[in-house]
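The values are calculated or read from the model by the stated rules, or taken from the named source; none is laboratory data. If you're wondering where the values come from, they're calculated on a predicted model, not measured in any experiment. Positions of Cβ are generated from backbone atoms using ideal geometry, with glycine treated the same way; all protein chains shown enter the neighbour counts.
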Amino acid sequence: MARELSGKIAFVTGSGRGLGNTMARKLAELGADVAIHDLSWEATAKYGEAANLGEVAKEMESFGVRTVAVIGNIGDPAAVASMKQEIEARLGEVDILVNCAGGDIGAAGGKPNPNTALDVSFEDIQVLTNNNLIGTMLVTQAFVPPMVKRGSGAVINIASAAAHMGCSPEVVYSTLKAAVVHYTRCLAKELYDDGVRINAVSPGPTKSARFQATRVTDPEKMDSARRSFNRYAEPDEIADAVAFLAGPRSKFINGQVLRVDGGLTLFPG
């Protein structure tokens, strides 16, 4: 496994902080050059994870890989085009795309309130759709065509355990993550003969900084050493799954959804 991604270029959206940051770090540890991303240069500081995106870039470079930091809203076509231009100019064409940016973040910058099917505001529906589904599609449309032309590449879309079961609250978020799962399958079907693998990871509740800051957590579930799988995941446990799907050990896995949730969703679909 050591440096098995050497020579590859990875772009992880939403990687200035949270789960995306852990995923980007894991890919860098395995030798991939990485492009990291957030909404703004200082967005990394919102939950105390890093002072700015430049600080995160230096951490990635400590693994001996090239790193570029880009900012922009993935739901904005012009911003996506600008990020693509900068990444390709400084690193080259992307081999590994991880669509991680998203989350249950409404128009005001926090969780929608109300956050139920019948009461969530139109503004929150719009923002959540841009951040979780439209943004994933726009980034994919920008970065995957060069993979198709080369006949190789890997895309990992980050969904959620919430995509696989009825949820309330967080109805819009759950619905959009279910759409990301189906988009993954449709894209894999579309590119079946083109050598580009498209998969998804659906994490269960995970101890990211934002997760812990935006809800009341169960102290027992915070203990990753407990025997029971009824606990919160460690960010590294999700990143390991992403790294597996990005690398050569998953070369015949395509169009699949890997649910990394400790068995929370024990049914097909």
Discussion item. Return the residues of region 96-126 that are out of contact with any Asp or Glu (no Cβ under 7 Å at 6 or more places or on another chain), without any contact (Cβ under 8 Å) to a residue 24 or more places away in the chain and of a type outside the set (D, E, K, R); say none if nothing qualifies.
Written reply: ALA108, GLY109, ASN113, LEU118, SER121, PHE122, GLN126
Worksheet item: Residue check, TYR47 against (1) modelled with pLDDT of 95 or more; (2) over 23 Å from MET137 (Cα atoms); (3) surrounded by 14 or more Cβ atoms within 10 Å (Cβ to Cβ), all met but one. Which one?
Response: (1)
Worksheet item: Among (1) of a type outside the set (Lys, Arg); (2) without any contact (Cβ under 8 Å) to a residue 40 or more places away in the chain; (3) not in a helix (DSSP H, G or I), where does GLU93 come up short?
Response: (2)
Worksheet item: Which one of ALA32, ALA50 is closer than 25 Å to GLY153 by Cβ and small (Gly, Ala, Ser)?
Response: ALA32
Worksheet entry | Cβ pairs under 6 Å, 6+ apart, first in region 209-225 and under 16 Å from GLU170 (Cα atoms), second surrounded by 12 or more Cβ atoms within 10 Å (Cβ to Cβ) and modelled with pLDDT of 95 or more | ARG210/GLY18
Worksheet entry | Residue ranges of strands (runs of 3 or more DSSP E) in region 1-88 with at least 1 members among the acidic types (Asp, Glu), touching a residue at least 60 places away in the same chain (Cβ under 8 Å) and touching a strand residue (DSSP E or B) at 6+ places or on another chain (Cβ under 8 Å) | none
Discussion item. For ALA246, only one of the following conditions fails: (1) within 15 Å of the chain's Cα centre (by Cα); (2) at pLDDT below 95; (3) among the small types (Gly, Ala, Ser). What is its number?
Written reply: (2)
Discussion item. Looking only at region 1-38, how many residues end up being of a type outside the set (Val, Ile, Thr) and either under 16 Å from SER208 (Cβ atoms) or surrounded by 24 or more Cβ atoms within 10 Å (Cβ to Cβ) (or both)?
Written reply: 22
Worksheet entry | Criterion (more than 20 Å from ALA107 (Cβ to Cβ) and over 18 Å from the mean Cα position of the chain (by Cα)) met by exactly one of GLU220, GLU123, GLU234 | GLU220
Worksheet item: Restricting region 96-136 to residues that are hydrophobic (A, V, I, L, M, F, W, C) and in contact with a Lys or Arg (Cβ under 9 Å, 6 or more places away or on another chain), which is surrounded by the most Cβ atoms within 10 Å (Cβ to Cβ)?
Response: ILE96
Worksheet item: Which is of a type in the set (Gly, Ala, Ser) and in contact with a Pro (Cβ under 9 Å, 6 or more places away or on another chain), of GLY18, GLY72, GLY64?
Response: GLY18
